[in-house]
Amino acid sequence: MMGEKRLVRLYNITDEALNKFRDELKDRRIEKEHIFYYVFGVLSTPEYVKRYENNLKKDLPRVPILQSFWDIAYLGEELAKLQLNYQNLPEYEDENLKVEGDWDPEEFVVDAKLDERNKVIVINKKVKVYGIPDFAFEYRVGGYPPIRWICDYMKRNEDKESGIVWDPKIKVGEFISLTRKLITLSKRTLEIKQKLSEVIKPL
């Protein structure tokens, strides 16, 4: 009779690294999961990226062991879970953020353009989402804000050479909802990064 299958969580952290953290900080409570979130927190800190920008382009990141380990680990965990579960975030609400135009929430998105200068998203050439707050452009992934990512990829695209069609089949109402959630994500991410900046010193 075959035994039951069990899911085993594996961390890409060696026992040597675990013992180094425990010995350096004189804290046996530290586990590999805590180190994972600590490293994520450190690497997400603007000060770290700015200071080691040149090294990060040509070498693996080097992570210091700081006395504020637990503060960084807790914030790193909060940040990681926030980014993984962004679709469950509440929609950002503000009197300045408005949607105008004659639109049907059930209509599919076939075109979406972001005008960063004027902070406006135009959907299907007739629906405007405007009054997008500045902080929605400050938080960037891979060099540009998440709301640009959805404008570039969450719409129908056809490769002219291969004829392959990418069609996420997202509706206008869903697109606007996702836009609002990504603004919430940007706001909360920047808040956590600010807290990380405060506890990570000295770096």
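The values are calculated or read from the model by the stated rules, or taken from the named source; none is laboratory data. Because the structure is predicted, anything quoted here is derived from the model rather than measured. Glycine also receives a Cβ, built like all others from the backbone with ideal geometry; neighbour counts cover every protein chain displayed.
Here's a check for you: in segment 20-77, which residue that is among the basic types (Lys, Arg) and within 30 Å of VAL8 (Cβ to Cβ) is modelled with the lowest pLDDT?
Across segment 20-77, the extreme among qualifying residues is ARG62.
For ILE132, indicate whether it is within 30 Å of VAL42 (Cα to Cα) and either out of contact with any strand residue (DSSP E or B) (no Cβ under 6 Å at 6 or more places or on another chain) or not assigned by TED's automatic domain parsing to the domain that holds TRP70 (or both).
Yes; evaluated as a whole, the condition is true for this residue.
Take GLU106 and tell me if it is under 21 Å from THR45 (Cβ atoms) and either surrounded by fewer than 15 Cβ atoms within 10 Å (Cβ to Cβ) or assigned by TED's automatic domain parsing to the domain that holds LYS50 (or both).
no
In segment 18-69, which residues are farther than 20 Å from TYR139 by Cα, in contact (Cβ under 8 Å) with a residue 24 or more places away in the chain and outside any helix (DSSP H, G or I)?
Within segment 18-69, ASP27, ILE30, VAL63, PRO64, ILE65, LEU66, GLN67, SER68 meet the criteria.
Condition test on GLU95, is it under 20 Å from the mean Cα position of the chain (by Cα) and not in a helix (DSSP H, G or I)?
Taking the combined requirement at face value, the residue does not satisfy it.
Search segment 83-92 for residues being assigned to a loop (DSSP other than H, G, I, E, B) and either in contact with a helix residue (DSSP H, G or I) (Cβ under 9 Å, 6 or more places away or on another chain) or touching a residue at least 40 places away in the same chain (Cβ under 8 Å) (or both), and hand back the single one that is surrounded by the most Cβ atoms within 10 Å (Cβ to Cβ).
TYR92
Return the total of residues in segment 70-82 being without any contact (Cβ under 8 Å) to a residue 40 or more places away in the chain and among the charged types (D, E, K, R).
Total satisfying the criteria: 1.
Being in contact with a His (Cβ under 9 Å, 6 or more places away or on another chain), surrounded by 11 or more Cβ atoms within 10 Å (Cβ to Cβ) and not β-branched (Val, Ile, Thr) narrows it down to one of ALA136, ALA112, ALA80, ALA73, so name that one.
ALA73
Can you work out which of the residues in segment 27-62 that are among the acidic types (Asp, Glu) and within 24 Å of GLU191 (Cβ to Cβ) is surrounded by the most Cβ atoms within 10 Å (Cβ to Cβ)?
GLU47
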